[in-house]
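Here it is: the structure, laid out below.
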Amino acid sequence: MTSNSQDCGKGDSCDSGISSWVGKEDYEDEDQDSSVENPSGNDSSSSASESSSENDSDTEVEGDESTKEQEDKEDKTPESNCVEAEVNTQQHCEHCRIRQGQQEQVTPRRFSRGQFLLKLDAEGVYQCAVTGLIFEVSKAATIKYSLLSWSKYSDYIKEPWIVGGPIFDVTCTPTSVLASIQFPHTLCLNDHLSDTTFKVFHFKKDGPEFEGSADHSATHVKWQVSSLSPVGPVLQNRDPVYYHGVVLLYKVISDHPSLSFRVYVASNNDSFIKDVSKAVKLSSKKFIKIDKPPCQKLLQDGKKYRLISEPEAEITPEEIVFADDSLLKVKSYIEVYLEQPMDFTLSLIELDSEEIVWKAKLRECDWIQHMQNDNEKRRRTGCIKRRKTSSSLSEDEPYNKQVKYNYITDENQAKTVLTDKQLMILATKMGKDWKVIGIQCLNLTIEDIEQIEAKEEDINMYKCKMLRKWRDSEQNKGTAQHLYGCLNGSASHEVIEILKGFLERTQDHEETT
């Protein structure tokens, strides 16, 4: 399995990606699975194993349920209820993209408590399209797995070992048919592919063990299954260590006109990303996640990086020393503050080389949809309260006129045709299949797509132009209702929910008038 890889040293371009869970589809942050309350001494091992056993027990119960009952228990949490909602399928830089093996790509079912389920019908090698895990089975099997946090096992990962990728809790029925698991790792091994030593951290009933890996490639670590419980890849620390990186952006939601963001600089590690998502959800503040591309270049352990803003913003701290914080329960972040709302650009720069590692333009349309929904909810609530508390028609009239005016300015356009602003909101939430949607659902041609892409622009502009071309061709039928009919069943859940929001406000306008 070990394969040759081209150089991907410092400064090489990487396009590792974090999928927008995209569709932001939820896994829940229920960390009681395999939790370690007191990770020191025998008591901690016992506690952890008991918790893991409880999780196994839950899994066995679910496994006995009928398919219909399992379907009823699927996690249907709306995406809007989750700040971040997608397990990250590991992508790697162009130098780490090696020939795909013979494994079949399979999409798991999602259940409550963050569980995934695969029902494999025959012997073979299968890759989970969501998590990147690769399973080798000798015959038909049912595999259940969930993403865990490395912070639970921080007391056991000591020098010279460091975290190499996400950690999972895996069960299989029957257990004996699962021959091997390949875990995605987060490092660019560069020219260290052959001399890197990976092992697998395996938390058993009697405590942790570091088991040898069977092999590794530029993207995965292979482990021959000995027994099943929390497992994840680790490696011996070496110098230098290069990571495929991501920058996670969260905007504070508030009534104040200023802009405030949390910025996390991290390795492209699902376990770390889950920890950040949970920390944001538990914060006293409310946030919305802003999806931007991953780092264009590798992050190096121990290097200093500076975040800068154009135009200038208050950034605290301005500089950080990058280190993989997967083992830390509390994740460090950078705060960005602008006194006045405006479009701005953030760049992450490595201080030694002065190279731009990551850069993104932040626009109002990146968060405006959430704010519109929030303001709309408040406006409706305010209208209801005013009508209930006031008995004077003279007091209600000017208020209702104001409400009617607001609806007309915002919604009358949506009643006729979608505005450019609405199209941009939709465009930012469309995935990589936008071209397919344009051709299959919106009756565009390949020539139309090529014409849109002729001018080098931001990918969201391509998507917006595609939607605008459809709207203009439909003329009076370029409405939210008509687009909903065209896309329903093909576009992501998030796009459909945004369209539903447009339609609801249109209906409210009609009822008000």
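The values are calculated or read from the model by the stated rules, or taken from the named source; none is laboratory data. Only a predicted model underlies this, so the values are computations on that prediction, with no experimental measurement involved. Note: ideal-geometry Cβ built from the backbone for every residue, glycine included; neighbour counts use all protein chains shown.
What residue, among those in segment 320-349 that are within 25 Å of the chain's Cα centre (by Cα) and acidic (Asp, Glu), is surrounded by the fewest Cβ atoms within 10 Å (Cβ to Cβ)?
The residue in question is ASP343.
Next question. Evaluate the following for LYS435: is it part of a helix (DSSP H, G or I) and either in contact with a helix residue (DSSP H, G or I) (Cβ under 9 Å, 6 or more places away or on another chain) or farther than 20 Å from CYS365 by Cα (or both)?
Yes: the conditions hold for LYS435.
Sticking with this one: Going through segment 469-491 one residue at a time, which ones are surrounded by 18 or more Cβ atoms within 10 Å (Cβ to Cβ) and hydroxyl-bearing (Ser, Thr, Tyr)?
THR479
Failed condition for SER284, given (1) free of Cβ contacts under 8 Å to residues at least 40 places away in the same chain; (2) of a type in the set (Gly, Ala, Ser); (3) closer than 16 Å to HIS244 by Cα, with all others met?
With (1) free of Cβ contacts under 8 Å to residues at least 40 places away in the same chain; (2) of a type in the set (Gly, Ala, Ser); (3) closer than 16 Å to HIS244 by Cα applied to SER284, the lone miss is (3).
Right, here's the next one. Among the residues of segment 438-447, how many are without any contact (Cβ under 8 Å) to a residue 40 or more places away in the chain, farther than 25 Å from CYS365 by Cα and not aliphatic (A, V, I, L, M)?
3
Among ILE157, ILE162, which is the only one that is surrounded by fewer than 23 Cβ atoms within 10 Å (Cβ to Cβ), in contact (Cβ under 8 Å) with a residue 24 or more places away in the chain and under 24 Å from the mean Cα position of the chain (by Cα)?
The unique qualifying residue is ILE162.
Sticking with this one: Go through (1) in a loop (DSSP other than H, G, I, E, B); (2) in contact (Cβ under 8 Å) with a residue 60 or more places away in the chain; (3) over 19 Å from HIS185 (Cβ atoms) and name the single condition GLU312 misses.
Tallying (1) in a loop (DSSP other than H, G, I, E, B); (2) in contact (Cβ under 8 Å) with a residue 60 or more places away in the chain; (3) over 19 Å from HIS185 (Cβ atoms), GLU312 fails exactly one: (2).
Looking at segment 118-142, which of its residues are in a strand (DSSP E or B) and surrounded by fewer than 18 Cβ atoms within 10 Å (Cβ to Cβ)? Show your work before the answer.
Of segment 118-142, the ones in a strand (DSSP E or B) are 118-120, 124-128, 134-137, 141-142.
Within segment 118-142, LYS119, GLY124, VAL125, THR142 qualify.
Of all residues in segment 236-266, which are farther than 21 Å from ILE356 by Cβ, part of a strand (DSSP E or B) and of a type in the set (Val, Ile, Thr)?
Within segment 236-266, just VAL252 meets the criteria.
Return yes or no: is TYR305 surrounded by 21 or more Cβ atoms within 10 Å (Cβ to Cβ) and either assigned by TED's automatic domain parsing to the domain that holds ALA427 or under 24 Å from the mean Cα position of the chain (by Cα) (or both)?
yes
TYR305 fails exactly one of the following numbered conditions: (1) of a type in the set (Ser, Thr, Tyr); (2) touching a strand residue (DSSP E or B) at 6+ places or on another chain (Cβ under 8 Å); (3) farther than 21 Å from TRP161 by Cβ; (4) in a loop (DSSP other than H, G, I, E, B). What is the number of that condition?
With respect to (1) of a type in the set (Ser, Thr, Tyr); (2) touching a strand residue (DSSP E or B) at 6+ places or on another chain (Cβ under 8 Å); (3) farther than 21 Å from TRP161 by Cβ; (4) in a loop (DSSP other than H, G, I, E, B), TYR305 is out only on (4).
Hey, another quick one. Would you confirm whether or not segment 267-279 contains a residue that is assigned to a strand (DSSP E or B) and surrounded by fewer than 21 Cβ atoms within 10 Å (Cβ to Cβ)?
no
Suppose we filter ASP458, ASP472 for residues that are closer than 19 Å to ILE368 by Cα and either within 25 Å of the chain's Cα centre (by Cα) or at pLDDT 85 or above (or both); which single one remains? So that I can check it myself, show each step before the final result.
Working: ASP472 fails: closer than 19 Å to ILE368 by Cα.
Testing whether each residue is closer than 19 Å to ILE368 by Cα and either within 25 Å of the chain's Cα centre (by Cα) or at pLDDT 85 or above (or both) leaves just ASP458.
Where residues in segment 228-259 are within 17 Å of LEU307 (Cβ to Cβ) and hydrophobic (A, V, I, L, M, F, W, C), which of them is surrounded by the fewest Cβ atoms within 10 Å (Cβ to Cβ)?
VAL252
Considering only residues that are of a type outside the set (Lys, Arg) and touching an Asp or Glu at 6+ places or on another chain (Cβ under 6 Å), look in segment 279-322 and name the one that is farthest from LEU249 (Cα to Cα).
Looking only at segment 279-322, we keep the residues that are of a type outside the set (Lys, Arg), and these are 279-280, 282-284, 287-288, 290-291, 293-296, 298-302, 305, 307-322.
Imposing the further condition that a residue be touching an Asp or Glu at 6+ places or on another chain (Cβ under 6 Å) reduces the set to 290, 305, 316.
Numbers: ILE290: 5, TYR305: 16, THR316: 14 Å.
Selected residue: TYR305.
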